[in-house]
Amino acid sequence: NVAGGHGGACRPQISNSGRYLAFVRRVRTKSVLYLQDLETGEEWPIFDGLAKDQMEAWTIFGVYTGFSWTPNDKNIIIWGKEGRIWNVDVERKRGQLVKFSVTAKHKIAEAVRFEQQVYDEKFDAKAIRQAVTSPNGKLLIFNAAGYLWKKKLPNGKPERLLPKMDDLQFEPTFSPKGDEVVFVTWNDVEKGAIYKVSTTARKPIPVRLTTKKGIYRTPQFSPDGKMVVYNKTGGNNHQGHSFTKDRGIYTMSSSGKNHKLVTKSGENPRFDKTGKRIFLQTGGYLFGSLKKGYNSVKLDGTDKKQILKTKYSTQFVPSPDNKWVAFIDLFKVYIAPMPQTGKAFGLSPETKAVPIALVSKDAGINLHWSGDSETLHWTLGDEYFSTTLRERFLFLENAVDSLPPLAEKGLKIGLELETDKPKGTIVLKGARIITMNGEEVIEDGTIVIKENKIVAIGKSEDVKKPFRANVIDVSGKTIMPGIIDVHAHVGNFRYGLSPQQQWQYFANLAYGVTTVHDPSSNSEMIFSQSEMIKSGAMVGPRMYSTGVILYGAEGDFKAKINSLEDAKSALRRTKAFGAFSVKSYNQPRREQRQMVIQAARELEMQVVPEGGSFFFHNMSMILDGHTGVEHNIPVAPLYRDVIDVWKNSNTGYTPTLIVNYGSVNGEYYWYQNTNVWEKDRLLSFTPRSIVDSRSRHRTMLPDEEYQNGHILTSKSCKKLADAGVKVNLGAHGQLQGLGAHWELWMLAQGGMTNMEALRSATLNGAHYLSMDKEIGSLEVGKLADLIVLDKNPLENIRNTETVIYTMVNGRLYDSATMNETGNTSQKRLPFYWEVNKYSNSFDWHEATNSFMRPKCGCGAH
């Protein structure tokens, strides 16, 4: 090390004589130009008029701008405060402004944005999961919107397999004869179980095969139908961790007897063709390890053999005769002969030792074989695909003469669901109404909501109350549109089973967040749950997502984009699940990002990129026409060059000050300055372990660090907003629900008026998602997404936290308990931390240090 220590050292420039080293060091909140005498090691500051460095950001382009010594070594020319160039006199240790002007012309592409429909009476389910075909090829069973459905192939209308079963149902598998299906269920209170049911009975009655509570996964019949292998998994942050101690791979008889542990590790078990061994996968699925394997063991767990080893492959499915294996590698589906080498075989699409056939054009999930091992089936979105071996391998007997093109379209599964909406009319009377229609505020106003739409709004004396309406007096309260969080990570990275209630959704609703857009998630899980919410099988905000990101860096979920067709294929696979937006993330080359933009224009999708804390990426994203920029520009403050470019674009800005690039995250300000662990509402809808671990051992900083951190970034947001750039609220999932209010308050810390900050949290977000014709403001004809506050946020922006009622799509909830009220009275279920013995015994309340009986409000206690 030549220079370093506290405050660091960056951007070294050696003098022409070689005697002195100039560099930048952070001194508390100032970035300072230093010199070091390379002969003596002495160091001293010469100019503290620099702009803020980026030592706290991720950078590959340097953490400060380049600078230069003059030829005589008497001066240094460097960029600094006010966004100007400064001539620093080395001897006198002072800078003089270098006056200059630049005329620059930039070509700015039109930002990609297409109007989105928020509500329709019915919708086509696209998140088809866990589809399986009967051995005779006549029946398809699959999971959608939380339940199992059956469809007679090819053109039958889907219908519920078990319309009277309330528990959620997942992961069906046919018996070898096709006369039974085994599947798993989930109930938030009673936990999970394995069932089987006849597929031939006129009125099938499910038979429970397990008696112990647990989280059960992926049951599969043995080749003779006499046994079932299944996975009893560990817990997770949606379903809890109770009753998961005895995890592992088990077998049982098909009547539910003789449960035996095979091995404690492995996933996705299935019998081999003999029924004497079990195949197991290791390394996880998407977002898993880059060392994955496919193994087999005997029924007693001994004699483990690794069959396949791979890096990017995320699912392996051997054919029933074990001669072939289908696998997914970077989303696409392939078939290869099943290696019989007796040792681990490296399998990938590039493998030359065995023939490998690509069978999907864009992507596929739910791989499964026909009973005769001749045909592979899979799905993508709401389409069902099939291909035979003889269509993909010309060397086989009776193969086709030439390979047919990959299928672009499959058989439409055709499940149409009704969109949930309440019945009746609700009148909210006497409140102050912040409509977001310009600067309009209605004092003593009334809103009339019929079913899920606003049918009247205005001064109470001018609004007629419909006959038989449910009138709720909210005099003295404030009504505003529901908060729209356009960068909300709501906890859906995992695979597996959905809970009946997801606490992240309840936490957001309890704090008035009625619409979320998650710009990075597991496509299967989040789009499935979005459809559960739409259909009324689950309670939550309106939920949208990009699904899996278009990731340019390493990972088993990366997207290789080296052509426009690559980009189109990547977008088609996310659009198939219901995405209208994609997240272009860490695609390192600008032309790659431009390919994504062009593909989005052609497919009518929006692109919400992340610049990865790289200023040059951010700026080129604006020029190239991205819908918006996610996360803050790492340079602060912003000056005229950036402001002028951005205001002439239609690109939005979601700064996520809560995880501010280039300084300490904004969330720490609120942990430091508020007693988060004392918030009863937060604790009602968030596991205490999350709240306490983040808030009680606090990072303490001098206030000037925050002033030079997220508040400095927020001041740039104000500059952009004043120039006409639409700034949105994005809370990044740091603390569900409450985090959205922190983000809102931080926008105000930078100088936005309370009304401007509220607009960023509502109408701007609706515009960003291209949904402002239906949500984002309170107007006749718009959807009824609103919140009732106890106090006025125009007087104090922190009053946004005082939510009394949350209404989403016309359904009204008591925000403190999240029990539905209004025209329907429905108590929520308890969460997993409210149904175990620990929580039923005591509740520690830190504010009083007293023992109290639980007050979960769920109605179960």
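Just a few scattered comments:
- Hits in region 566-589 (condition: modelled with pLDDT of 95 or more and either part of a helix (DSSP H, G or I) or surrounded by fewer than 23 Cβ atoms within 10 Å (Cβ to Cβ) (or both)): ASP566, ALA567, LYS568, SER569, ALA570, LEU571, ARG572, ARG573, THR574, LYS575, PHE580
- Out of GLY662, GLY739, sole residue that is in a loop (DSSP other than H, G, I, E, B), touching a residue at least 12 places away in the same chain (Cβ under 8 Å) and surrounded by 17 or more Cβ atoms within 10 Å (Cβ to Cβ): GLY662
- Residues of region 319-375 satisfying the condition of being open to solvent by 40 Å² or more (accessible area, probe 1.4 Å), under 26 Å from LEU550 (Cα atoms), assigned to a loop (DSSP other than H, G, I, E, B) and at pLDDT 95 or above: ILE356, LYS361
- Tally of residues being part of a strand (DSSP E or B) and hydrophobic (A, V, I, L, M, F, W, C) across region 276-302: 4
- Taking every residue in region 355-380 that is more than 22 Å from ALA144 (Cα to Cα) and of a type in the set (A, V, I, L, M, F, W, C) and pairing it with any residue that is in a strand (DSSP E or B) and modelled with pLDDT of 95 or more, at least 6 positions away or on another chain, the pairs with Cβ-Cβ distances below 6 Å are ILE356/TYR334; ILE356/ALA336; ALA357/ILE335; LEU358/TYR334; VAL359/VAL333; VAL359/ILE335; VAL359/THR387.
- Selection of first residues in region 405-417 that are under 22 Å from PHE123 (Cα atoms) and of second residues that are loosely packed, with under 13 Cβ neighbours inside 10 Å and of a type in the set (Ser, Thr, Tyr), restricted to Cβ pairs under 6 Å at least 6 apart or on distinct chains, gives an empty result.
- Among the residues of region 25-46, those identified as assigned to a strand (DSSP E or B) and surrounded by 13 or more Cβ atoms within 10 Å (Cβ to Cβ) are ARG25, ARG26, LYS30, SER31, VAL32, LEU33, TYR34, LEU35, GLN36, GLU43, PRO45, ILE46.
- Residue within region 460-470 that is of a type in the set (A, V, I, L, M, F, W, C) and part of a strand (DSSP E or B) present: no
- Region 613-627: number of residues that are at negative phi and either part of a loop (DSSP other than H, G, I, E, B) or in contact (Cβ under 8 Å) with a residue 40 or more places away in the chain (or both): 8
- Candidate set from region 491-503 (those that are farther than 19 Å from LYS191 by Cβ and surrounded by fewer than 23 Cβ atoms within 10 Å (Cβ to Cβ)); member that is modelled with the lowest pLDDT: PHE493
- Only a single item in (1) open to solvent by 20 Å² or more (accessible area, probe 1.4 Å); (2) in a strand (DSSP E or B) is not met by PHE243, and it is number (2).
- Test set (1) assigned to a loop (DSSP other than H, G, I, E, B); (2) over 23 Å from SER521 (Cβ atoms) - CYS717 fails condition number: (1)
- Of all the criteria given as (1) exposed (fewer than 13 other Cβ atoms within 10 Å of the Cβ); (2) of a type in the set (S, T, N, Q); (3) closer than 25 Å to HIS377 by Cβ, the one not satisfied by GLN117 is (3).
- Odd one out for LEU140 among (1) under 19 Å from SER253 (Cβ atoms); (2) in contact with a Leu (Cβ under 7 Å, 6 or more places away or on another chain): (1)
- Of all residues making up region 197-216, the number that are open to solvent by 40 Å² or more (accessible area, probe 1.4 Å) and farther than 22 Å from LYS177 by Cα: 3
The values are calculated or read from the model by the stated rules, or taken from the named source; none is laboratory data. Predicted, not measured: the structure shown is a model, and the values here were computed from it. No Cβ is skipped: glycine too gets one built from the backbone with ideal geometry, and neighbour counts run over all protein chains shown. When the accessible area is computed, the model is the full protein with side chains, heavy atoms only, and any ligands, DNA or RNA have been set aside. Shrake-Rupley method; radii C 1.70, N 1.55, O 1.52, S 1.80 Å.
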